[in-house]
Amino acid sequence: MAAAPAVWRLDPDRAGPLAEGLRSVAALFPDRFCPRGKPVRFSATPPPGGADFAIIPGSDTVAIHAARRGDAFHALGRLMAEALAGRPEAATRAIAPHRRVGVLLDASRNGVFRPELLREWLTRFALMGVNTLYLYLEDTCVVPGEPFIGYFRGGYTADDLRALDDHAHALGIEIVPCIQTLGHFEQILQWPAYADLADTPRILLAEHPATLPLLTRILDAATAPFRSRRVHLGLDEAAGIGTGRHLLRHRPEPGHAILRRHLDRVLALCRERELEPLIWSDMFFRLGSPTRDYYGADANPEAARDLPADLAVVYWDYYHSDPAHYRRMFERHRALGRRPVFAGGLWTWNRLWANLPTALATLAPGLAAAREAGCEEVIATLWSDDGAECDPTSALAGVQAFATLVHRGSAAPELLASDFRAACDGDFAAWLAACALDCPASAGGEPLPRHGNLSKWLLWHDPVLGFLDASLPAYLPDHYARLAAALPPEPRLDLPRQLARVLTLKADLHLRLRPAARERRLPELRMLREEALPALHAALAELHSLHRRRWHAFYRPFGWEVLDGRYGGLSARLDTLAALLDELLASPASAIKPEWASAEPQVVYPGLEAWDCGLTWARVSTPSWIK
């Protein structure tokens, strides 16, 4: 993409509290600012009419009025977006529908973001109009005296977090630490030092005398480096509470009763420290539902009765596209006396490229309902489940889509294009096109929303046994070949382009190998052995190398060993397949069907297309439960 013209001048030395943030913007976009450009002047005078910011163009200068620091940077982002889109310079006023617009970054599911990367992203977020960062730190915050919390995981020190908070503050962004206080403790509970504190392998033993002191140390370590007094306590997805060691030590009792006692103790810790706690709301609904369904109509959230007024709840919902569903859920939260924070999903988890079509299809109705419900805060979540394989570059387009939906109330292509170019110098349409990795194309060629992760599960699917091959449509090789050829030569799209090349070859191998082996079509098997397998091996090695470079640019090195194991395992299986084919081709007169190809693949997930299956590496790498 051609660089934006250098048309503005920033004068950080004359900008007071905006100075550091303006320097970071200018460093990100050196081609947009020069000493001869049109000066941009900032005023902290509140804009008229209750607006968050006002942009007033003049013949010799552009004036930006914003009382809050974050609004000033959002206005600068809007100014760049309009100019870079070629829209005439005009006076602009903006009022955000929510007081806080947040993004949650997951630094605990295998990938710990480099602080320098987070500083860059914070600058981009500020230009998008994001004023809150939720930093998710299950065990990746160094806790003094607890060496096995974050053991060999690359956790942040207090100095790391203080420096990050300073940079965020300069941009008008509040950082809210996110921890866990009940479930999601598997990373910590796996070590013998904490074995006695496990109710189940993932859930803390709420009544153990050492549990509250441990949570106190975690809470202090996570909150002390930040200016914000808010803290997210998690408390989600702990549906097995009371069913493990707690049941052996105490009388049976409903999970919601244990949850509520534990919550009250943790809230007391927060009050002692004058912290403002938030928690996810799902456990209240799950524990009151016979089916443990967060969104089910049968849920009776008993644990949420008479919740303290100083506790905020976060309603998360990543999966629905029906506006009526979101309105019902907001009504159910209001029935508890709550106006919740709303959290939508950017579909970065369990895949290699963010699923933008599905994110847009679920965010749009969720955010519309949040506006109707009068929510003061909305959040977009970037989870990293199953290894943090997702290229973070793709997530930036998702954050932009979220911010554009919030601030402009629309996801019109021309708005997404101009906003994303302004904040990230990216082509939103190209980022969206790469989503065809996991989404089939519409008649017009654009990817359609689907919940599955086909590109991931096809990549890691065992090439020898092919036990999911019955679900693969015959057109996949052509689909991925067209995608690889269509993506523009933009370096930030190298990963999806190379992944599409690998999948072109791998889909073809899966579709042809077993039928050819069972029917002993020797010429085809020879071609697969001598041409297809070496080509796939080479393409996979290039993907591995590219992914490794991308990972280490964004994350600390801890965690990459998981993905090295996946790439290495797949490469070894291709070597095994080569040996099996050599053995088969060495006995051309034999009529015996090869043993490894004798089993017939079945449709494992009836009623689901390949595009609908969202499968983990553990599920597709082997049919065995042993991993």
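FYI, it's all coordinate maths here, none of it is from the lab. Since we're looking at a predicted model, the values are computed, not measured. We place every Cβ from the backbone using ideal geometry, glycine too, and count neighbours over all the protein chains shown.
Take every Cα pair under 8 Å in region 452-621 that's 6+ residues apart, average their separations, divide by the length, and report that relative contact order as a whole percent.
Relative contact order, region 452-621: 46 percent.
Rank these for me by crowding, 134, 295, going from fewest to most other beta carbons within 10 Å.
Listed from fewest to most nearby Cβ atoms, that is 295, 134.
Restricted to Cα positions, what overall size does region 340-382 have along the principal axes? Three whole-Å values, descending.
For region 340-382, the Cα spread along each principal axis is 35, 15, 8 Å.
Pop a pseudo-label 7 angstrom from the Cα along the beta-carbon direction at both residue 553 and residue 89 and give the gap in nm to one decimal.
3.4
On full extension of the chain, what length is gained from residue 274 through residue 583, given 0.36 nm per residue of separation minus the C-alpha to C-alpha distance?
That pair, residue 274 and residue 583, stretches by 104.2 nm at full extension.
In whole angstrom, how long is each semi-axis of the equivalent ellipsoid of region 482-627, when you take the square root of 5 times every eigenvalue of its Cα gyration tensor and sort them from largest down?
So the equivalent ellipsoid measures 30, 19, 17 Å along its semi-axes.
Given contacts defined as C-alpha pairs under 8 Å and at least six residues apart, what's the relative contact order of the chain, whole-number percent?
Averaging sequence separation for qualifying contacts and normalising by length gives 12 percent for the chain.
Test of understanding: what is the full-extension gain from residue 490 to residue 38, defined as 0.36 nm times their sequence separation minus their Cα-Cα distance?
159.7 nm
Given a Förster distance of 35 angstrom, what is the FRET efficiency for residue 608 paired with residue 546, based on the Cβ-Cβ distance and rounded to 0.05?
My answer for the efficiency is 0.70.
Have a look at region 100-435 and give its Rg and Dmax from the Cα atoms, expressed in angstrom.
Spelled out, the Cα radius of gyration and Dmax of region 100-435 are 19.5, 61 Å.
In nm, to one decimal, how far is the residue 291 label point from the residue 20 one, both placed 7 Å along Cα→Cβ?
Distance between the two pseudo-spin positions: 5.1 nm.
Could you give the C-alpha radius of gyration of region 184-240 expressed as a fraction of 2.2 N^0.38 Å, taking N as the number of residues it contains?
1.21
Can you put 391, 469 in order of Cβ neighbours within 10 angstrom, beginning with the fewest?
Listed from fewest to most nearby Cβ atoms, that is 469, 391.
Match the structure shown to one of the listed values (1) 3, 15, 24, 25, 19, 10, 4, 1, 0; (2) 3, 14, 20, 20, 16, 12, 8, 4, 2, 1, 0; (3) 3, 13, 19, 22, 20, 14, 6, 2, 0, 0 of P(r) over Cα pairs in 10 Å bins from 0, in percent, computed from it, and give that label.
Evaluating P(r) over Cα pairs in 10 Å bins from 0, in percent on these atoms matches (1).
Starting from the Cα gyration tensor of region 263-400, multiply each eigenvalue by 5, take the square root, and state the resulting semi-axes largest first in whole Å.
Its equivalent ellipsoid spans semi-axes of 27, 19, 15 Å.
Could you estimate the translational diffusion coefficient of region 8-94 from the Stokes-Einstein equation, with Rh from the Kirkwood formula over C-alpha pairs, at 37 °C and 0.692 mPa s, in whole µm²/s?
253
With a cap of 10 neighbouring Cβ atoms within 10 Å, and only residues DSSP puts in a loop, list the GluC sites (Glu not before Pro) found in region 265-348.
274
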